[in-house]
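Only one structure is covered here, and it is reproduced in the block below.
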C-alpha cells in the first residue's frame, strides 16, 4: 500500500457490489454542479485506478454514458446506487462516491467545489488531472 494511504470502506446496500479503495484518511471530495452530478448529489474523490479493486458484483453493474462518452457512470442494476465511476476528468482513475464509504478510517472530508457547468474552464484551472496519477 502506498505511503499515507489507508484502506477505506467497500460496500453499500444491498451489498451486491463490494470494492476496496486506498485513499488518504482525510478525503478531498469534489462537489460538482454539472447536470448529472448535481442531480445525483454525487460528491466523490478520485484515486488512480491501481488503488481501486472491485471485490464482488461485476455482474450487478451497468454503465451509462452521455455527451462526450468519456465518463463511464457505473451503477448497480439491483439498487441504482453509483458507488464509483470513471470520470471524464480522469479516465485513468476512479471516482468513488464519498457517501458509499463505510470505513471508520476516514478522519475528515474537505469539500472542493468544481464548476461542472463550465467544465473545460474549471478543469483547466484545477488539479484534477494529478489526482489519478500514481504516487
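The values are calculated or read from the model by the stated rules, or taken from the named source; none is laboratory data. Bear in mind that the values here come from a model prediction, so they are computed numbers and not experimental data. Positions of Cβ are backbone-derived with ideal geometry, glycine not excepted, and every protein chain shown enters the neighbour counts.
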Residue under evaluation residue 60, criteria (1) closer than 17 Å to residue 42 by Cα; (2) surrounded by 15 or more Cβ atoms within 10 Å (Cβ to Cβ), criterion not met = (1)
Would it be correct to say that residue 27 is touching a strand residue (DSSP E or B) at 6+ places or on another chain (Cβ under 8 Å), surrounded by 13 or more Cβ atoms within 10 Å (Cβ to Cβ), touching a residue at least 40 places away in the same chain (Cβ under 8 Å) and more than 23 Å from residue 109 (Cβ to Cβ)?
-> no
Residue count for the stretch 39-56, restricted to those that are farther than 19 Å from residue 18 by Cβ and surrounded by 11 or more Cβ atoms within 10 Å (Cβ to Cβ) = 5
Evaluate the following for residue 114: is it at pLDDT below 90 and touching a helix residue (DSSP H, G or I) at 6+ places or on another chain (Cβ under 8 Å)?
-> no
Residues that are surrounded by fewer than 16 Cβ atoms within 10 Å (Cβ to Cβ) and assigned to a loop (DSSP other than H, G, I, E, B), drawn from the stretch 15-24 = 15
What is the number of the single condition among (1) exposed (fewer than 11 other Cβ atoms within 10 Å of the Cβ); (2) modelled with pLDDT under 90 that residue 79 does not meet?
-> (1)
